[in-house]
Structure formats: C-alpha cells, structure tokens
Amino acid sequence: MIVFGFLKVLLGNVAKGPATEPFPLGPATTPARFRGKVHMDPALCVGCAICRHVCVGNAIHISERADGSGYDWVLWHNTCALCGLCQHYCPTGAISMSNDWHNAHLQAEKDEWCESRFVPYLVCERCGAHIRPLPTSVAGRLYADNHVDVARILRLCPQCRQIETALHEGVRHDDQRVA
Amino acid sequence: MNRTTEKTYALPIGPVHVALEEPMYYKIELDGEIVRGVELTAGHVHRGMEALALRRNLFQNIVLTERVCSLCSNSHPYTYCMSVENLADIAVPPRAQCLRVVAEEIKRISSHLFNVGVMAHVIGYNSLFMHMMQQREIMQDVKETLYGNRMNLSANCIGGVTHDLEAEAFAFLLDGLARLEPEVARALDIYRTDRMVVARTRSVGVLSREDALALAVVGPVARGSGLATDIRRDAPYGAYVGLDVDVVVEQGGDVQSRALVRLREIQASIDLLRACVRAMPAGPTLAVLPEIPAGQAIARSEAPRGELIYYLRTDGSQTPNRLKWRVPSYMNWDALGIMLRNAKVSDIPLIVNSIDPCISCTER
C-alpha cells in the first residue's frame, strides 16, 4: 500500500495532539542549566578581568572610576554570545548565567540594555589606600592554613596585610620558642 | 566558462533557497530538462573568520570556531581545542574526553536528523519532514537540558570541557535515546521502502565508488558510495580510542543510500552514547594549562559531514599566528558535478541536499 507505513505514524501523531508548547498562553519549560542573560554578583568580583580576556565579542568592559572609588563592570547583552566562558573561567563564581531568555527590548533601550555593576574599593584601615575587595570565600581559601584574623585582614591593603601577617607569625614563633 | 551551445541553455539556480536557506549559485547547463553541466559560484557568506581568528586570543577562538557552522558547531571547537592540546602537549583527563564524545555524538544525531528531514521536504513529503523534525526535538531538548542551548553547546575548552554532567543529566539523555531509537528504526523503514521516497531518491544523483575515491569525498557521501572511511575508526582521537565505532556503509551511491547512511549512523551514535554513559570515568574535567609554546599542530576529527582538519600555528603569544581549517563540505562540492550529470532539473535541490552541504563552513 502506498505510504501505508507512514500513515500509521501520522495517525499516531494526530492522536498525540500538538507537540508545541502553548507559549505565550502557557509556560515554556526552561531547563535549570539554560544559558540565558549573564548575571554578575559584585560582592564576589575581585576584578581579575579574566572574563573580559576570554569574551569573544568584547561584550565586557571594566573601567576604573576617576575618583578611585571603585570600578564599573558592564556587559552589553546585545554583544554577548551567551557562550558562558566568562562564567567558566571566573575564579570566584561571581558570574552566572540566568534562566532569563526574554531578550526583546525597544531599539531606544539598546544602549542601556546591560548588566551593569559597580564594585566599590575599600579603604585600608591602616594606611588609607584604595584596595580591591577580596570576597570572604576567597580569603577563607587563601588563609586556610594561616591563623590570622581574616575579617581584619580583609580591611587592609596588600602591603599592610603582609606586615600584619608577619607580625602575627612572628608572635606565634616567639610563643612556640618560649614553650 | 560559458559552454552554452545551440542545443543547450543556461539556467541560473540560487544563490538562495536551493534546498537549504544558504546561498550558493549554480549555473546549470540544460538540454531540455536534463542537466549537462554545472558551474558553482561561492562566496556569498564569506565572513573572513580565518582573519578574525588571528585577532582573537586562544580562548576567544573556542567560541569563534563554534560559530563557523551551526549543525557541526561542536566539531569545530572540539577539533580546534585538540589542535591547541596537541601543540602544547596537554593531557585531557579521561572524563573530559568521554564527555566530549557525548556532546559530539548528540550533535551528530541532530545534524543527521535535520538532513534526512529536509530531504523529505525537498521531495514534497512535508508530513514526513514535520515528523522527522519533531523527532529531532528530542535531541534539541537533550542539548538544551544538558548544555543550556539548542545549537551552540559551548561544551569544549582548552584542556577539557566547560561542564560536568551528573547522574540526572545522563538519565535524561538515556530517556531521550530510548524514545528516539524506535522512531529512527521506523524512519529507516520508511526511507528504505516508502514508494514515494524510493521513487524520488533511488538511482538519483549516483556517485560510483570509483568516482568517490577519485574525488576524495568524505563522511556520509563517501560511505554512501561504499567507501568505509571514518576518522573515528581510522585515526581515533580522544575517547574514540577505546570505543568500538561502527562504520556504516551503503553501496548504492545514490540519494537514498546517503540518507540511509545518516539514519543508520544515528543508530550507531545512540550505541556510542550508551557505551560512553556506561563507561564514564570519574575524575577531573579540566587539565592544568601550561604556557602555550610557539609551534604548529594539526588535529583531525569526524564531523557529521566528514573529516574536519584544523591547523594551528602559534608564536608564543596568546594569539594564533595562523589558524586554518579544512571542512568536510569542501571535499564534497566537486562530487555534485558527477551526481548532477544527466539528472532532471527537479532533482537538483534533492541532489544538492544529499551531500548535506554546509556553505557557512565552506566559505567561513
């Protein structure tokens, strides 16, 4: 019989009903791993700029503010290829890919359609220099084997941090010698 | 060269909408409605990607090469990463190698389903086309769930993979394969015996074994003409070294044979995927990267359309000095001259589609 084999397939498909999702009348399933618009958590950013280095479209811009108060991290969604390399190479997990695939926007909004974050610098408690913030999770990893006051260390610039750590280590060694 | 004589006349076909919505211009020399000669004009989608690659660093080029072509969008970064790894002697961890094969075979299944589906569309069998595209959705869902995108998986990076799959993801994959397998078996039966498919595709666009050898065609085009060639078996790379790759061969050399090769390769890919999931090694998914030294390297792989070769030359900096790739479609274009000879005008899109040409690959 002509196309009989396929007729059965066709009837089966008719019985199954529509295969498409009823969006926008119903929800569209979005898997958890879906690579949607990029999100950046300024609390975790250390300003290493590896994201900018691996970004193929040059969608990421990092610029220091003139007054030295911090830096702006801006990702222009229209240039982002959603490849996820920035997320993959980000050492602190500051960058994540959201499940947001709603990308329609007005032409007038295209320039402002960014993930724009300001990461403020801290002021060193000892010398007053501007310092890049170090997230607690990273500091915890770095100072895992040192018996230092991590909370205090984080409020110091790298130079003062070295001095603080050296003083602390020195005291500890003296203690051990006495014992 | 214009060879039009009094007996023949020239028919322009293309550059758009010849089977696929990719531009290639064919100047067909016709005698009545029989094709006597064909001249191809390429260059409509040249994007200068080889030059772009020289202005991007080694990391950025992973993503650039993924955009060469959408249907084999995993084979390009995979082979590119292998060329960097060959150059710098990077040992990719076994789990990463296995995960790369999983991504590669998922993409192969989708690519082949797309081509055999479009074949049904070209012969006017649109209900079969819709059905095949619907089955392809199973794999599209797998890609979106496992990797986060329906086409560009972004699975590869230098020294390993960007993702790790957990048991849940493997279960989703196996469930998809279990639903796809009977559908592929049924489709194979339809493509083999359906009267409409047979009437339009058997003995059409024939490429003999000798011609296939002489033109050095690759991939399913070669295997459809009885040439058992497959880089995954002939020069195994990555996790394919430990896998038993079934090289599917059909002897007919016609449009139908090439479609059957693709459908049977889907079955072989399903087996490979199951074998990978069963034997998935534990461990890291990324190698520690050394400095990339100055030097040159090549890498080969079996993309859905055939052998893909990457050549990379570096000068010690992070930007390549030269990046060149030879795509499978490039080798298969010439075969159209033989396949189209004495074909009917109405069969031209069908025969063009049967080599599964990728124009964005060819011209990049």
message: Whether any residue in the range B:122-129 is of a type in the set (S, T, N, Q), assigned to a helix (DSSP H, G or I), touching a Lys or Arg at 6+ places or on another chain (Cβ under 9 Å) and closer than 20 Å to residue B:356 by Cα is what I want to check.
response: no
- prompt: Any idea which residue in the range B:138-149 is farthest from the other protein chains (Cβ to nearest Cβ), counting only those that are closer than 13 Å to residue A:32 by Cβ and without any contact (Cβ under 8 Å) to a residue 24 or more places away in the chain?
  reply: B:144
query: When only residues in the range B:285-303 that are surrounded by 14 or more Cβ atoms within 10 Å (Cβ to Cβ) and assigned to a loop (DSSP other than H, G, I, E, B) count, which is nearest to the chain's Cα centre (by Cα)?
result: B:285
- prompt: Mind checking which pairs have a first residue in the range B:238-249 that is farther than 18 Å from residue B:261 by Cα and a second that is surrounded by fewer than 19 Cβ atoms within 10 Å (Cβ to Cβ) and at pLDDT 90 or above, Cβ under 8 Å, 6 or more apart or different chains?
  reply: B:239/B:94; B:240/B:233; B:242/B:279; B:243/B:236; B:243/B:275
message: I need a count of the residues in the range B:304-342 that are outside any strand (DSSP E or B) and within 22 Å of the chain's Cα centre (by Cα).
response: 16
message: Scan the range A:42-51 and tell me whether some residue there is within 27 Å of residue B:49 (Cα to Cα) and in contact with a Pro (Cβ under 9 Å, 6 or more places away or on another chain).
response: yes
- line: Result of the Cβ filter at 6 Å on the range B:54-81, keeping first residues that are without any contact (Cβ under 8 Å) to a residue 24 or more places away in the chain and partners that are surrounded by fewer than 24 Cβ atoms within 10 Å (Cβ to Cβ) and in a loop (DSSP other than H, G, I, E, B), at least 6 apart or interchain, is B:60/A:56; B:64/A:56; B:64/B:56
- prompt: Across the range B:343-364, which residue is modelled with the highest pLDDT among those that are more than 23 Å from residue B:109 (Cβ to Cβ) and part of a loop (DSSP other than H, G, I, E, B)?
  reply: B:343
query: Given the conditions (1) within 14 Å of chain A (Cβ to nearest Cβ); (2) closer than 25 Å to residue B:167 by Cα, and given that residue B:101 satisfies all but one, which numbered condition is not satisfied?
result: (1)
statement: Checking B:119, B:133 in turn, the sole residue that is in a helix (DSSP H, G or I), at the interface with chain A (Cβ under 10 Å from one of its Cβ atoms) and touching a Phe, Trp or Tyr at 6+ places or on another chain (Cβ under 9 Å) turns out to be B:133
field: Number of the condition not met by residue A:101 [criteria: (1) among the aromatic types (Phe, Trp, Tyr); (2) touching a helix residue (DSSP H, G or I) at 6+ places or on another chain (Cβ under 7 Å); (3) more than 9 Å from chain B (Cβ to nearest Cβ)]
entry: (2)
- prompt: Do the conditions hold for residue A:59, that is, is it modelled with pLDDT of 90 or more, in the same structural domain as residue A:37 (by TED's automatic domain parsing) and hydrophobic (A, V, I, L, M, F, W, C)?
  reply: yes
query: Is it true that some residue in the range B:255-270 is among the β-branched types (Val, Ile, Thr), in contact (Cβ under 8 Å) with a residue 24 or more places away in the chain and surrounded by fewer than 18 Cβ atoms within 10 Å (Cβ to Cβ)?
result: no
task: Test residue A:164 against the criterion of being acidic (Asp, Glu) and surrounded by fewer than 12 Cβ atoms within 10 Å (Cβ to Cβ), and give yes or no.
output: no
- prompt: Inside the range B:153-202, can you point out the residues that are without any contact (Cβ under 8 Å) to a residue 24 or more places away in the chain and within 27 Å of residue B:279 (Cβ to Cβ)?
  reply: B:162, B:166, B:167, B:168, B:171, B:175, B:178, B:182
task: Hey, could you check the range B:150-181 for residues that are part of a helix (DSSP H, G or I) and within 11 Å of chain A (Cβ to nearest Cβ) and say which is surrounded by the fewest Cβ atoms within 10 Å (Cβ to Cβ)?
output: B:168
task: Scan the range A:19-35 residue by residue and report those that are more than 23 Å from residue B:152 (Cβ to Cβ) and either of a type in the set (Gly, Ala, Ser) or in the same structural domain as residue A:87 (by TED's automatic domain parsing) (or both).
output: A:19, A:26
- prompt: Is it the case that some residue within the range A:110-124 is surrounded by 15 or more Cβ atoms within 10 Å (Cβ to Cβ), touching a Phe, Trp or Tyr at 6+ places or on another chain (Cβ under 8 Å) and β-branched (Val, Ile, Thr)?
  reply: yes
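The values are calculated or read from the model by the stated rules, or taken from the named source; none is laboratory data. These numbers come from a predicted model, not from an experiment. Heads up, the Cβs are rebuilt from the backbone with ideal geometry, glycines too, and the neighbour counts pull from every protein chain shown.
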